[in-house]
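I have placed the structure first, in the form of structure tokens, so that the comments after it can refer back to it.
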Amino acid sequence: MTSAARVVIIGAGIVGTNLADELVSRGWTDITVVDQGPLSLPGGSTSHAPGLVFQTNPSKSMTLFAKYTVEKFLALEKDGQSCFNQVGGLEVATTPARLEELKRKHGYAASWGVDARLVDAQECLRLYPLLDPALVLGGLHIPSDGLALAARATQLLIERTREAGVTYLGSTPVSGIEQSDGRVTGVQTPEGTIAADVVVSCAGFWGVEVGAMVGMSIPLLPLAHQYVKTTAVPQLEGRNEQPNGAGLPILRHQDQDLYYREHGDRYGIGYYGHRPMPLVAASLGLTPHQVDEHHMPSRLAFTPEDFAPAWRASQELLPALRDSKIADGFNGVFSFTPDGGSVVGQSPDVDGFWVAEAVWVTHSAGIARAVAEVLTTGRSQVDLAECEVSRFEEVQLARSYVEETSKQNFVEIYDILHPLQPKESPRGLRVSPFHARQRELGAFFLEGGAWERPYWYESNAALVDELPAEWRPVERDAWSSRFYSPVAAVEAWKTRTAVAMYDMTPLRRLEVSGPGAVDLLQRLTTGDVGKKPGAVTYTLLLDEHGGIRSDITVARLDEETFQVGANGPVDFVHLAREARRQRRESPERWVQVRDVTGGTCCIGLWGPLARDLVTSISDDDFSNSGHRFFRAKKATIGGVPVTAMRLSYVGELGWELYTTADNGQRLWDVLWRAGQAYGAVAAGRTAFNALRLEKGFRSWGADMTTEHDPYEAGLGFAVRATKESFVGKEALAGRSEATAARRLRCLTVDDGQSVVLGKEPVFHHGEPVGYVTSAAFGYTVGKPIAYAYLPSSVDEGDVVEISYFGQQVKATVTAEPLYDPEMSRLRG
Ligand SMILES: Cc1cc2nc3c(=O)[nH]c(=O)nc-3n(C[C@H](O)[C@H](O)[C@H](O)COP(=O)(O)OP(=O)(O)OC[C@H]3O[C@@H](n4cnc5c(N)ncnc54)[C@H](O)[C@@H]3O)c2cc1C
């Protein structure tokens, strides 16, 4: 959407007011902001937020949103006072494990462009003299962190946007959303309906209730979180002029789930160590109410017994607190989500209804800018995938799932979490038809998209001793050994030398069908998918600006039916929305998109003996000429009807074999039984990831996002320049691999053994120039591999350094793919 629309924003908290401001600055002014509370203090989470902004986060997007919030609030000022007090941020470690975690966090800061310093205990004390020297082992200091004055920022934004023509309606609850023909048309209030083309719910923890007005499940849970102010602390007296002022850095003591700020000569202390206290927002008042600093829906009565451990730990860390008391405490309400991320984006079913919720003050301006960019130009400059409201699987929208996982996220908010660490509960939600067999083989499961996914099989452990010397895996450090087993080396070896069975069921499968199917897919993809039935095409979905929305494989099964291998629910929502639009605009080009993932399953059968295995139990022609590379056909294998696609993400001869879920276990069994004669093994995600990186195959979300165009990502081959038109084509005009300022490059680690995991910063001549997107130990090539975006000036053969736990690991930019560049394995 690019032309100015009539917008209604629900909620005048820090998110809604920032969104109004970001839209105004992009020329949209027909905006009404409605809040159920009084505008001077609406009573949501923002009204009492202490506003600590620690910018650095494992997520690049969230860090960039925080950086922008800091910049914006620094510039947002009145009477010489800005809305950001840049006192810096200090996170201290009181355990060796936290010290290591801070090293990783230091790496994230460098990767995402935040200036940060690892400091020793002495420097922590210099920066923060009130700390107990006996407890602190070291810290991470980020000078640009600080305190956002959220309530003041909200008022200044209201003032400035009002001047630009935005209408604000306080004490006005929205009670319904009007729609017609699948689009929003307005919002209902006691004063009548306000017409709108776009409605954005910035209702904070009331998001569930507002979403329900359009039948949309919003996966967030309001939880109470304790915050106290102490009596005056003598050591702070006279340090800060303003009663709410602060001079010391904001402080985090994550080993005890605590954070601190000053309020003049008093301390403010926030605590996440208590039991989760979930709430139902509807019970907190949707009608206009009296609001003042101490009475508001988001501020509940303090439960001192929950705070007792925090107070003890605080007095230990900051002995000065032993001379003060808790003066005032409350249980403040805000939103948590199943994966800890915000929920942002358009409803999958009702066009024009958007949400921007579960957003911290820290990320508020950044996310508001992103939403404004998407509304006005179709795309945010910072990738929104990790916030996308449609990222959840249907089963993850069940209230019981949202409640359990959001509570868990509250508990774990300051914990040290490994990037592969799975939820312990709920588990076993989605299993493939092969699950029983996988368990018999000792599969080690991790969870993704609520699926149980085997990472390796203990049944292969006996083969570790048989590994030829050149296939032996290297010793790993404690961190990279977690959720890892050297058994993966066996599975990689068997894939390259015999044959392996991979469960590919969790990959999203969509059926696109109807007389308009070709038109839809031709319009949205960069390739030619209109080839004859049987053709399979690897292609990209771009946005209007040429950014990569996804990479998909499109198999034409018959004239009007395609099977699309996609990346996740967001792809389904995108294709389904576009199909709806096409049906509306030209009914004769009717097209339907169905998610067939749950009713089907897939085995990736890959390895040099895959053909021998499959032909031993099938009468169909699987010869090189009988079933060519990148072709699909129906066949029967061991009596099981399948759709076989000759593709491979591990770079070996073989097939993706699809069948319906009811036939799945039998397909596994017939392949397994016949496979024993060929040395077949079951293989998991650890081996898969290593093998795909050896082959240079990109993974969407890690190796490319909407922030990258196909040439930067090394996917120019998937763009058919001769195609008349497709979404994003105009934006790509004049661009090529030669003009790209940065490129995704393959690095091999010089010492042959330091295994990095991803997101580490990459340095060239001592300067941070990029970050690792994906990494693995390459079993075939015998060294660790990392992919990283680097400036195009960094060339093949150049040596760079990857910072891993503060160590500089040398790596060489290497020509890719590392394995079988001639494609002889795949095409043979
Ligand atoms: C104790 C505590 C400490 C925190 N500390 C920090 C911190 O240090 N740093 C940080 O970044 N974040 C912090 N947070 C989180 C932060 O406060 C929130 O994430 C943020 O304020 C949410 O802003 P918002 O605009 O989305 O929601 P809100 O401020 O809650 O605004 C939502 C608005 O929508 C309105 N609304 C809802 N439903 C309707 C309806 N039907 N009709 C009309 N209006 C409606 C509400 O009245 C409300 O004003 C803290 C939260 C708490 C509780």
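Quick notes
- Those strands (runs of 3 or more DSSP E) of segment 750-828 in which at least 2 residues are under 26 Å from the mean Cα position of the chain (by Cα), considering only elements entirely within it, cover 761-764, 767-778, 783-791, 799-804.
- Inside segment 136-148, residues that are buried (at least 19 other Cβ atoms within 10 Å of the Cβ), of a type in the set (A, V, I, L, M, F, W, C) and away from the ligand (no atom under 13 Å from the Cβ) make up a count of 3.
- In the set (1) within 10 Å of the ligand (Cβ to nearest atom); (2) out of contact with any Asp or Glu (no Cβ under 9 Å at 6 or more places or on another chain); (3) assigned to a helix (DSSP H, G or I), the condition left unmet by D255 is number (1).
- Residue within segment 314-323 that is assigned to a strand (DSSP E or B) and under 26 Å from Q55 (Cβ atoms) present: no
- Count of segment 462-482 residues which are of a type in the set (A, V, I, L, M) and under 33 Å from the mean Cα position of the chain (by Cα): 2
- Checked against the criterion of being over 19 Å from H141 (Cβ atoms) and either buried (at least 23 other Cβ atoms within 10 Å of the Cβ) or in contact (Cβ under 8 Å) with a residue 40 or more places away in the chain (or both), segment 53-60 has at least one qualifying residue.
- Of the residues making up segment 691-710, those that are over 16 Å from V570 (Cα atoms) and touching a helix residue (DSSP H, G or I) at 6+ places or on another chain (Cβ under 8 Å) are L691, D709, P710.
- Pair list, Cβ < 8 Å and 6+ apart or interchain, from segment 327-340 residues that are assigned to a loop (DSSP other than H, G, I, E, B) to residues that are near the ligand (Cβ under 8 Å from one of its atoms): T337/A358
- Scan of segment 259-279 for residues that are of a type in the set (A, V, I, L, M), surrounded by fewer than 20 Cβ atoms within 10 Å (Cβ to Cβ) and at pLDDT 95 or above, ordered by number: M277
Listed here are the residues, each with its yes/no results for (1) closer than 30 Å to A788 by Cβ; (2) within 30 Å of the chain's Cα centre (by Cα).
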residue: A66; (1), (2): yes, yes
residue: D79; (1), (2): no, no
residue: T95; (1), (2): no, yes
residue: E101; (1), (2): yes, yes
residue: H106; (1), (2): yes, yes
residue: A134; (1), (2): no, no
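- All conditions in (1) without any contact (Cβ under 8 Å) to a residue 12 or more places away in the chain; (2) in a helix (DSSP H, G or I) hold for A731, with the sole exception of (1).
- Any hit, segment 283-296, residues being buried (at least 16 other Cβ atoms within 10 Å of the Cβ), more than 30 Å from T95 (Cβ to Cβ), modelled with pLDDT of 95 or more and touching a helix residue (DSSP H, G or I) at 6+ places or on another chain (Cβ under 6 Å): no
- Some residue of segment 313-333 being among the aromatic types (F, W, Y), touching a Pro at 6+ places or on another chain (Cβ under 9 Å) and modelled with pLDDT of 95 or more: no
- Subset of segment 606-641 (residues that are part of a loop (DSSP other than H, G, I, E, B) and free of Cβ contacts under 8 Å to residues at least 12 places away in the same chain): D621, S625, G626
- Of the numbered criteria (1) touching a residue at least 60 places away in the same chain (Cβ under 8 Å); (2) crowded, with 19+ Cβ neighbours inside 10 Å; (3) out of contact with any Gly (no Cβ under 7 Å at 6 or more places or on another chain); (4) not in a strand (DSSP E or B), the one Y658 fails is (4).
- Matching residues in segment 1-24 - criterion: being touching a residue at least 12 places away in the same chain (Cβ under 8 Å), away from the ligand (no atom under 15 Å from the Cβ) and in a loop (DSSP other than H, G, I, E, B): M1, T2, A4, A5, R6
- Filter result for G340 (of a type in the set (G, A, S), within 16 Å of the ligand (Cβ to nearest atom) and more than 18 Å from R399 (Cα to Cα)): no
- Among the residues of segment 363-388, those identified as away from the ligand (no atom under 14 Å from the Cβ), outside any loop (DSSP other than H, G, I, E, B), under 16 Å from V570 (Cα atoms) and not small (G, A, S) are V374, E386, E388.
- Members of segment 498-517 found to be surrounded by fewer than 24 Cβ atoms within 10 Å (Cβ to Cβ) and among the small types (G, A, S), listed by number: A498, S513, G514, G516
- Once segment 585-597 is narrowed to residues that are out of contact with any strand residue (DSSP E or B) (no Cβ under 8 Å at 6 or more places or on another chain) and touching a residue at least 60 places away in the same chain (Cβ under 8 Å), the residue that is farthest from E388 (Cα to Cα) is E588.
- All positions within segment 32-80 that are more than 15 Å from the ligand (Cβ to nearest atom), out of contact with any Ser or Thr (no Cβ under 6 Å at 6 or more places or on another chain) and more than 17 Å from G341 (Cβ to Cβ): E71, A75, L76, E77, K78, D79, G80
- Every residue from segment 444-458 that is under 19 Å from Y779 (Cβ atoms) and buried (at least 16 other Cβ atoms within 10 Å of the Cβ): F444, P454, Y455, W456, Y457
- Total residues in segment 320-336, condition surrounded by 16 or more Cβ atoms within 10 Å (Cβ to Cβ) and away from the ligand (no atom under 16 Å from the Cβ): 3
- The condition (being surrounded by fewer than 16 Cβ atoms within 10 Å (Cβ to Cβ) and among the basic types (K, R)) is satisfied by just one residue among R581, R577, R549: R581.
- Conditions (1) under 28 Å from the mean Cα position of the chain (by Cα); (2) surrounded by 16 or more Cβ atoms within 10 Å (Cβ to Cβ): number failed by L236: (1)
- Taking segment 505-529 as the range and being closer than 14 Å to W590 by Cβ and part of a strand (DSSP E or B) as the test, the residues that pass are V512, S513.
The values are calculated or read from the model by the stated rules, or taken from the named source; none is laboratory data. As the structure is a prediction and not an experimental result, all values here were calculated from the model. Note: ideal-geometry Cβ built from the backbone for every residue, glycine included; neighbour counts use all protein chains shown.
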